[in-house]
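K.L.:
I have a structure here, written as structure tokens, and I will follow up with some questions on it.
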């Protein structure tokens, strides 16, 4: 069973990853 | 084309009575931000309401707001995603109206927003997930994520 703190951090990192993808896409849009 | 679609969908959705809008309803304000802004800023505009959801959901984890408040802004963000999806569908069925690169970038933003929303919802519904991080750590993440979403939506410095 994953530890809740690790799951929380994993979730936040996933959010950051989605932000990164959006930033790249925005840059491509110009 | 995407701007045209946004303008067509700029009217507020069916969900709310006019008298509620006059009271400054949070849901309507967020919905206007999402659907109306699509006409002005294209794909960026859909990011704004999701940034509001991120701020609310992370505030919920530290006990600064209620789940009901998060649900209200989440609904508005969902509407903005639906508008963006309609724009994508239109551009896919009208080849040549929007460039391939633009459509691909828009698809990436759309998918990222959906995943973003899903993860936030999982965090909100996860039993005591937020309490496993210190309030200071969550506050730092809240500020960074909200700021980054605003920067993406409105071009503000991060």
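K.L.:
Would you list B:85, B:94 from fewest to most Cβ contacts within 10 Å?
P.N.:
Result, fewest neighbours first: B:94, B:85.
K.L.:
In the P(r) worked out for the range B:55-153, what percent of Cα pairs fall beyond 16 Å?
P.N.:
63
K.L.:
If I model a spin label at residue B:94 and residue B:115 as a point 7 Å from the Cα along the Cα→Cβ vector, what separation in nanometres do I get?
P.N.:
Using points 7 Å along Cα→Cβ, the separation is 2.9 nm.
K.L.:
Still on this structure, I have one more. Averaged across the residues of B:67-76, what count of C-beta atoms belonging to other chains lies within 10 Å of each residue's C-beta?
P.N.:
0
Taken together, the values in this text are just the output of simple stated rules run on the coordinates, not laboratory data. Just so you know, these numbers come straight off a predicted model, no measurement behind them. Positions of Cβ are generated from backbone atoms using ideal geometry, with glycine treated the same way; all protein chains shown enter the neighbour counts.
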